[in-house]
């Protein structure tokens, strides 16, 4: 079972301190938010700075965006490949189609970046992942074959194009990165579930109860079976069907050592986020004293979850990180 932290904020010393402690406590991953707005520092600069301060914890963005107007896909591919190399294989490349326009426009419009409609964002993600895999020299691995040694890549999509660039590789001709870059795709709707089944090493859903995840997981596995049947019927493998894809849940956490402290944290959360958000976290979150949180975690693992992305009410509450780590030992 893998437990990962979702962090944000602009206090670099707290970010650094929290990451170092998370590794000591045995957390699997430490992921930092990506946003142009004032809520975060630059994501890739921050996570790169954490490489020499840690030894084994996985690092990456909470979600990184593939929008052409935001950043060159080739530059992002090179950044990720370089990160994977200097971190000795500790990058978790996490992506998705993004939030609803009602929520997300505030983060993009002020910077002159258009936020596409949902079906466009899904198409961008599909093309973007295909380009990334080609530039990382990972597209052939999805055929259960050895890494490709293709001399050039040509990709003519609606949103991205590659006009004969070489896959990133070392001086010896081998793949640039020693280890594969794993891709996490966040998905809950059918089109995104299809992309996750097709491309992702880790499929992640957000803010669901155990029963809701169980229903969605059934849908995900059915899509996997459809893709398996498509491959078998057409004798065609331009991707690997990931029937063993890891399954992750993004979830809020409020944990306290006593009922009194817990009530204080719950009231604080309700005041900060509003009663509507608070009622949702009670339904979909990990809320309680350590024993109750451990019981709730077990409910998620029983329906197929093997990774948790934890959004603590205060991501820099080191005492809560320790309390949670102790609560889930042995699960």
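Coordinate-derived values only; no laboratory data. Here the structure is a predicted model, which means the values were calculated and not measured. FYI the Cβ positions are ideal-geometry reconstructions off the backbone, even for glycines, and counts take in every protein chain you see.
Based on the alpha-carbon set only, what is the convex hull volume of the chain divided per residue, in Å³? Walk me through the numbers on the way to the answer.
Values: hull volume 46.6 nm³, N = 331.
About 141 Å³ per residue, rounded to a whole number.
With both partners inside the chain, how many of the DSSP beta bridges are antiparallel, as a percent to the nearest 5?
On the way: 5 of 40 bridges.
Of those bridges, close to 10 percent are antiparallel.
Using only the alpha-carbon atoms, what does segment 272-312 span along each of its principal axes? Please give whole angstrom values in decreasing order.
Cα spread of segment 272-312 along its principal axes, largest to smallest: 31, 19, 15 Å.
Between 281, 20, 113, where does the largest GNM mean-square fluctuation fall for the chain, given springs only between Cα atoms within less than 10 Å?
Among 281, 20, 113, the largest mean-square fluctuation in the Gaussian network model of the chain belongs to 113.
Between residue 25 and residue 329, what is 0.36 nm times their sequence separation minus the Cα-Cα distance? Round to one decimal in nm. List each step's numbers first, then the result.
Values: separation 304, 0.36 × 304 = 109.44 nm, distance 1.03 nm.
Full extension from residue 25 to residue 329 adds 108.4 nm.
Please state the relative contact order of the chain as a whole percent: Cα pairs under 8 Å, 6+ residues apart?
Working: 545 pairs, mean separation 56.3, N = 331.
It comes to 17 percent, rounded to a whole number.
Quick one: which of 3-15, 156-168 comes out on top by average Cβ neighbours within 10 Å, and what's the full order, highest first? Intermediate values should be presented prior to the final figure.
On the way: 3-15: 17.5, 156-168: 14.7.
The most tightly packed comes first, giving 3-15, 156-168.
Could you calculate the contour length gain from residue 118 to residue 180, that is, 0.36 nm times the residue separation minus the distance between their Cα atoms, to one decimal place in nm? Before the final figure, lay out the partial values.
Numbers: separation 62, 0.36 × 62 = 22.32 nm, distance 2.91 nm.
Length gained, residue 118 through residue 180: 19.4 nm.
How much length is gained on full extension from residue 246 to residue 322, taking 0.36 nm per residue of separation minus their Cα-Cα distance? Before the final figure, lay out the partial values.
Values: separation 76, 0.36 × 76 = 27.36 nm, distance 2.51 nm.
Full extension from residue 246 to residue 322 adds 24.9 nm.
Of the peptides 253-264, 56-67, how do they stack up when ordered by the mean number of other Cβ atoms within 10 Å, highest first?
Working: 253-264: 15.9, 56-67: 21.2.
Averaged packing, sorted descending, gives the order 56-67, 253-264.
Taking the Cα centre of each part, how many Å lie between segment 264-323 and segment 81-122?
When both Cα centres are located, 25 Å separates them.
Any idea how far apart residue 165 and residue 74 come out in nm if each label point goes 7 Å out from Cα toward Cβ?
0.5
Rounded to the nearest 10 degrees, what's the angle between the helix 290-301 long axis and the longest principal axis of the chain, both from Cα atoms, 0 to 90?
Roughly 30 degrees between the two axes.
Given R₀ = 35 Å, what would the calculated FRET efficiency be for residue 10 paired with residue 282, taking r from the Cβ atoms and rounding to 0.05? Before the final figure, lay out each step's value.
On the way: r = 29 Å, r/R0 = 0.83.
Efficiency for this residue pair is about 0.75.
If I model a spin label at residue 292 and residue 230 as a point 7 Å from the Cα along the Cα→Cβ vector, what separation in nanometres do I get?
4.4
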